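Q: The structure that follows is given in the form of structure tokens.
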Amino acid sequence: MSLSSLVSALAVPGLLPVVLLTLGIIVVNGWTDAPNAIATAVSTKALTFPAAAVLAAVCNLLGALLSTVFFPAVTKSVLDLAQFGGDRHAALWALCAAMASIVVWSTAAWYFGIPTSESHGLLAGLTGAALALEGGSANVDLPAWSRVWVALPLSVCLGYLLAKVLTQRPEHPRGPSFYLRAQRAGAAAMAFLHGAQDGQKFLGVFLLGLSLSAGWDVPNGYAPLWLAALCAGTIALGTALGGQRIIDTVSRDMVVLDPRQGLTADLAGASALLLCTLLGLPVSTTHTKTAAILGAGRHPDWSIARSIVLAWVLTFPACGLLSFLCTKILLFFL
């Protein structure tokens with residue numbers, strides 16, 4: 001797979017919109033999802049927002065790049081969820097519809113400051129589009145989807161419980177100064193693993209589009225270095241644009257965090273993400289980190305937490321239905 005062959009493949013109707021929409025979603029993911037990785041460090045003043053955004057951008061880049069090149073298990077899980085074969089023309093336009101539905105949902109969630117998950121929007125959008133194609137439910141791989149249903153409660157429960165356990169550890173003798181410095185490493189680890197998870201998911205969309213348009217072989221989800229770098233760099237760009245509104249919702253309005261609790265949330269969230277990434281489970285960094293923050297923080301505002309959970313619950317049916325309807329409408333006119 002070479003860059004020149006991508007340029008040739010872009011002449012296939014439908015692929016260019018898929019590429020542009022996917023890049024747009026990755027940028028949105030960078031500014032709406034990645035801020036969760038640095039939320040605790042900013043709220044406890046371990047890092048200023050500009051410094052944290054730069055740190056997150058760099059670590060997202062490294063995480064996405066290294067994981068997609070050396071351990072693309074999450075990419076393979078995404079590719080296995082739904083089949084878009086048969087009519088390649090229809091399949092490419094279905095991918096466009098799926099990406100458009102995620103843009104609509106994610107932008108609305110960002111506007112209201114709700115940390116919804118582009119990851120789960122992506123999974124639901126791909127499935128809704130596949131259901132709208134000829135073959136219907138036969139296009140969806142239920143065993144592959146079972147991994148998503150296992151991953152969702154696993155990541156959330158693990159993030160929350162690990163945070164609860166870690167809060168019981170004795171305080172470090174150096175006190176707040178130690179935790180403030182350590183939080184910088186915690187934020188870096190969270191951003192790295194965010195890139196490792198989400199970089200792989202969106203790389204799967206690129207590989208699917210290129211497979212449909214140009215017949216590229218994508219064994220086990222491995223991708224060329226330049227394509228992994230494109231996804232990684234786009235996430236980093238989105239992160240650099242910032243996400244102050246979501247940081248305020250998650251780590252200031254929802255809970256009260258001191259530096260020790262902030263580090264606890266970072267360690268718990270990063271540990272849960274690392275395990276799921278190694279297992280090839282596509283999980284949401286938003287879900288995982290928010291659960292860890294709730295487990296570590298004091299005096300949680302459960303009304304805000306409930307609104308966040310509601311957004312999570314609605315993401316799957318909303319994106320799936322939007323994608324299904326967009327696909328049907330697009331194919332009707334094309």
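The values are calculated or read from the model by the stated rules, or taken from the named source; none is laboratory data. No experiment lies behind these values; they were computed from the predicted model shown. In this analysis, Cβ positions are derived from the backbone assuming ideal geometry, glycine residues included, and neighbour counts consider all displayed protein chains. Just the protein is used for accessible areas: all its heavy atoms, side chains included, with ligands, DNA and RNA removed. Shrake-Rupley method; radii C 1.70, N 1.55, O 1.52, S 1.80 Å.
Q: Please work out if Gly209 is open to solvent by less than 10 Å² (accessible area, probe 1.4 Å), touching a Pro at 6+ places or on another chain (Cβ under 9 Å), closer than 22 Å to Asn29 by Cα and modelled with pLDDT under 85.
A: Working: open to solvent by less than 10 Å² (accessible area, probe 1.4 Å): yes; touching a Pro at 6+ places or on another chain (Cβ under 9 Å): no; closer than 22 Å to Asn29 by Cα: yes; modelled with pLDDT under 85: yes.
Here the answer is no, as Gly209 does not meet what is asked.
Q: Exactly one of these conditions fails for Ala151: (1) open to solvent by less than 50 Å² (accessible area, probe 1.4 Å); (2) modelled with pLDDT of 90 or more. Give me its number.
A: (2)
Q: Oh, and also: Please name all residue pairs, on different chains or six or more residues apart, with Cβ atoms under 8 Å, provided the first residue is in the stretch 220-248 and is within 15 Å of Phe202 (Cα to Cα) and at pLDDT 65 or above and the second residue is hydroxyl-bearing (Ser, Thr, Tyr) and surrounded by fewer than 20 Cβ atoms within 10 Å (Cβ to Cβ).
A: Going by the 8 Å Cβ cut-off, the qualifying pairs are Pro224/Ser2.
Q: Right, here's the next one. Going through Ala91, Ala100 one at a time, which residue ends up being over 18 Å from Thr286 (Cα atoms), touching a Phe, Trp or Tyr at 6+ places or on another chain (Cβ under 6 Å), among the aliphatic types (A, V, I, L, M) and in contact (Cβ under 8 Å) with a residue 12 or more places away in the chain?
A: Criteria check complete, one pass: Ala91.
Q: Pull up the stretch 304-334, narrow it to residues that are at pLDDT below 80 and open to solvent by less than 50 Å² (accessible area, probe 1.4 Å), then point me to the one that is farthest from Pro282 (Cα to Cα).
A: Ile304
Q: Quick one: in the stretch 32-53, which of the residues that are at pLDDT 80 or above and either of a type outside the set (A, V, I, L, M, F, W, C) or in a loop (DSSP other than H, G, I, E, B) (or both) is farthest from Leu180 (Cα to Cα)?
A: Pro50
Q: State whether the residues of the stretch 169-178 include one that is open to solvent by 50 Å² or more (accessible area, probe 1.4 Å), closer than 23 Å to Gly269 by Cβ and in contact with a Pro (Cβ under 7 Å, 6 or more places away or on another chain).
A: Checked against the condition, which is being open to solvent by 50 Å² or more (accessible area, probe 1.4 Å), closer than 23 Å to Gly269 by Cβ and in contact with a Pro (Cβ under 7 Å, 6 or more places away or on another chain), the stretch 169-178 yields at least one hit.
Q: Please find, within the stretch 55-81, the residue that is farthest from Val42 (Cα to Cα) out of those that are open to solvent by 10 Å² or more (accessible area, probe 1.4 Å) and not hydrophobic (A, V, I, L, M, F, W, C). Working first, answer last.
A: Taking the stretch 55-81 as the starting set, the residues that turn out to be open to solvent by 10 Å² or more (accessible area, probe 1.4 Å) are 55, 57-59, 61-62, 65-67, 69-71, 73, 76-77, 79-80.
Narrowing the set further to residues that are not hydrophobic (A, V, I, L, M, F, W, C) leaves 67, 76-77, 80.
On the way: Ser67: 26, Lys76: 34, Ser77: 33, Asp80: 37 Å.
Result: Asp80.
Q: When both residues are 6+ apart or on different chains and their Cβ atoms are under 7 Å apart, which pairs have a first residue that lies in the stretch 136-163 and is without any contact (Cβ under 8 Å) to a residue 60 or more places away in the chain, and a second that is crowded, with 17+ Cβ neighbours inside 10 Å and not in a helix (DSSP H, G or I)?
A: Listed pairs, sorted by first residue: Asn139/Ala82; Asn139/Leu133; Val140/Ala82.
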